[in-house]
1. Rounded to whole Hz and in sequence order, give me ³J(HN,Hα) for segment 198-210 from the Karplus expression 6.51 cos²θ - 1.76 cosθ + 1.60, θ = phi - 60°, writing x for Gly and Pro.
2. For Cys162 and Val192, what is the calculated FRET efficiency with R₀ set at 35 Å and r taken between the beta-carbons, to the nearest 0.05?
3. Hey, what do the phi angles of segment 216-222 turn into as Karplus ³J(HN,Hα) couplings, whole Hz, using 6.51/-1.76/1.60 and θ = phi - 60°, x for Gly and Pro?
4. If a paramagnetic tag sat 7 Å from the Cα of Lys101 along the Cα-Cβ line, which residues of segment 187-212 would have the backbone N under 19 Å from that point?
5. By the scheme Lys and Arg +1, Asp and Glu -1, what is the net charge of all other residues having a beta-carbon under 12 Å from that of Ser93?
6. Quickly work out the Ser93-to-Asp208 label distance, labels modelled 7 Å from Cα along the C-beta direction, and quote it in nm with one decimal.
7. May I ask you to compute the full-extension gain from Lys20 to Tyr135, defined as 0.36 nm times their residue separation minus their alpha-carbon distance, rounded to one decimal in nm?
8. List the pairs from Lys86/Lys108; Lys136/Lys231; Lys108/Lys231; Lys57/Lys96; Lys96/Lys171 whose alpha-carbon separation is above 23 Å, in the order I gave them.
Amino acid sequence: MLGQQGYSKEDAQKLKNADKMSEEEKMAIANQMLMDKMGMDVNDFKKLAEMDTSAQKSWAQGYGTMMMADAMANPQKNQEDQKRYKDQYDLMSEQKFLIEKIRAAESKYFQQLDTLQVLADTANAQMSREFNRMYKEIDDCESDGCAESIYEQMNQMKKAYCYRFSPDYQKIVYDFRNYLMTSLDTYHELDVVSNQVTESQTGVRNPDYKPGIFALSIIDYYAGLESGIFKFYHAETIYGIGEKGDRSE
């Protein structure tokens with residue numbers, strides 16, 4: 001990036017070791033860079049910040065005139081700079097468009113999953129309260145048949161919970177899979193464009209770049225959804241008296 005701005009490798013090397021510099025050394029480099037590019041140092045900018053609005057406007061007009069004169073004096077460099085800025089802007093605009101496109105599509109499924117989870121958590125909490133009440137009823141039972149009946153009611157409640165939420169979850173995951181099957185090209189495109197943005201800003205090609213990272217990350221997320229396909233299924237049965245232990249869940 002410094003090279004694109006006309007700085008030497010020596011300047012870049014100095015900044016690589018900035019964390020080892022004193023505050024005075026850092027300020028000296030900052031002042032030098034400002035002087036090279038704008039003809040002002042940090043103290044000049046502080047003075048500018050203290051000016052009233054009218055004085056700041058006058059300075060801006062003068063600085064703009066100076067920049068125009070510099071561009072006219074070196075039209076080739078100005079054209080190269082303008083082209084580089086335009087190319088960067090176009091790439092960043094495309095990157096922003098792709099990100100917003102992906103987020104808009106994904107958010108529909110994320111919202112569906114969040115809404116379903118809230119409903120399931122509410123139902124599960126209510127079921128737990130019911131179970132606590134029913135356990136107290138079992139304690140008051142005077143026969144095994146009474147307790148067995150309540151245990152069976154509890155098992156039916158677990159099944160109902162599963163039947164209520166599992167199909168909805170499976171449908172969301174299925175729809176999300178279909179979305180991915182038709183949208184992976186968009187993730188690949190974002191991957192490529194994002195790498196181009198980085199390259200245009202730094203002037204250096206990333207030697208470790210491998211396409212497909214964004215696609216792999218969303219596929220990994222989908223795999224997590226698939227692994228939780230039975231998340232609303234209560235596998236354990238609530239056993240009655242004399243079977244594998246009381247009140248096991």
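A short reminder: the numbers here are calculations on the coordinates, not readings from a lab. All values reported here derive from a predicted model rather than from experimental measurement. Cβ coordinates were reconstructed from backbone atoms using ideal geometry, including for glycine residues, and neighbour counts include every protein chain displayed.
1. After applying 6.51 cos²θ - 1.76 cosθ + 1.60, I find 4, 5, 5, 7, 9, x, 10, 7, 6, x, 9, 5, 9 Hz.
2. 0.20
3. 5, 5, 6, 5, 4, 5, 4
4. Under 19 Å, as judged by backbone N against the label point of Lys101, lie 187-198, 211-212 of segment 187-212.
5. -2
6. 3.3
7. Working: separation 115, 0.36 × 115 = 41.40 nm, distance 6.72 nm.
Additional length available on full extension: 34.7 nm.
8. Lys86/Lys108; Lys136/Lys231; Lys57/Lys96; Lys96/Lys171
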